[in-house]
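A.B. asks: Following this message is one structure expressed as C-alpha cells.
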Amino acid sequence: MVSSFRVRAIANWGVVGALTIFLGACSSFSGFSFSPSSPAPAPEPGVAPEMPATIRSDEIVGRWGLASYQNPADRARTEKAALAQCKQPYVIGAGQSGGVIMHLADQATPQELRLKGSPGGKNFIGPSGPAGGEQDREIVSFDGRVLVTRFVDKDAATRYGNMVYVRCGPRA
C-alpha cells in the first residue's frame, strides 16, 4: 500500500515536470518564425492622451435647472420644465484638477469628471480615460445657456434620456 502511494506520487510529479517542460518550450518558441520574410509583430499601441474638448469646464460650472426627454419633439417643453427647476437647481461645481463636479449614472455621490474631445469633433463629460467610454455622457448641444447631454451607455441613455440643463440666472 505504501509503495503504490509512492509510485503514484512519483508518477504525478513526473507528469507535472513533463508538462512544465512542454509549456516552457511552447512559450519560448512562440515568437520564433520559420519564414525569414515575415515581419516582426507590431507593438501594442499605448493609450492616446486625452484630446481637449471644445467646451471649457468653466463654461458649464454653475446652477442649472434639469429635466429630460426621450422624444426630440419634447425638447422645447422640456427646456421650460428645466427652467422651472431653478428653484432647486442642479449645481455643477468646479473640480480641483480642472474638471467639473457632477454625478455619473446611478451614483449618489458627485465626483470630478473631465471634459474630453474626440477625433470626430464630439465632446464628452466623464471620468479620466478615452472619450466616449461607457460612463461618459456625450454633449449633444451647448449654446452657453442650454446644455443637452446623453449617456453613452445604452441602458443609462434609455433610463435618463436626453438631459437638458438650462442655466439659472446670468452666467457666473
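A.B. asks: When the Karplus curve 6.51 cos²θ - 1.76 cosθ + 1.60 is applied with θ = phi - 60°, which whole-Hz ³J(HN,Hα) does each residue of segment 51-68 get, with x for Gly and Pro?
C.D. replies: Whole-Hz 3J(HN,Hα) from phi for segment 51-68: 8, x, 7, 7, 10, 7, 4, 5, 6, 10, 5, x, 9, 9, x, 10, 8, 9.
A.B. asks: Search the structure for amide H atoms under 5 Å from the amide H of Leu104, placed 1.01 Å from N in the peptide plane, and list their residues when 5 or more places away or on another chain.
C.D. replies: Gln111
A.B. asks: Moving on. Once you place label points 7 Å from the Cα toward the Cβ at Asn71 and Asp155, how far apart are they in nm?
C.D. replies: For the pair Asn71/Asp155, the computed spacing is 2.7 nm.
A.B. asks: Hey, another quick one. Below 27 Å, Cα to Cα, which lysines can Lys122 reach? Residues fewer than 8 away in the same chain don't count.
C.D. replies: Here the lysines satisfying the reach criterion relative to Lys122 are Lys80, Lys154.
Bear in mind that the values in this text are calculations on the coordinates, not laboratory data. Small disclaimer: the values here were computed from a predicted structure and weren't measured. Positions of Cβ are generated from backbone atoms using ideal geometry, with glycine treated the same way; all protein chains shown enter the neighbour counts.
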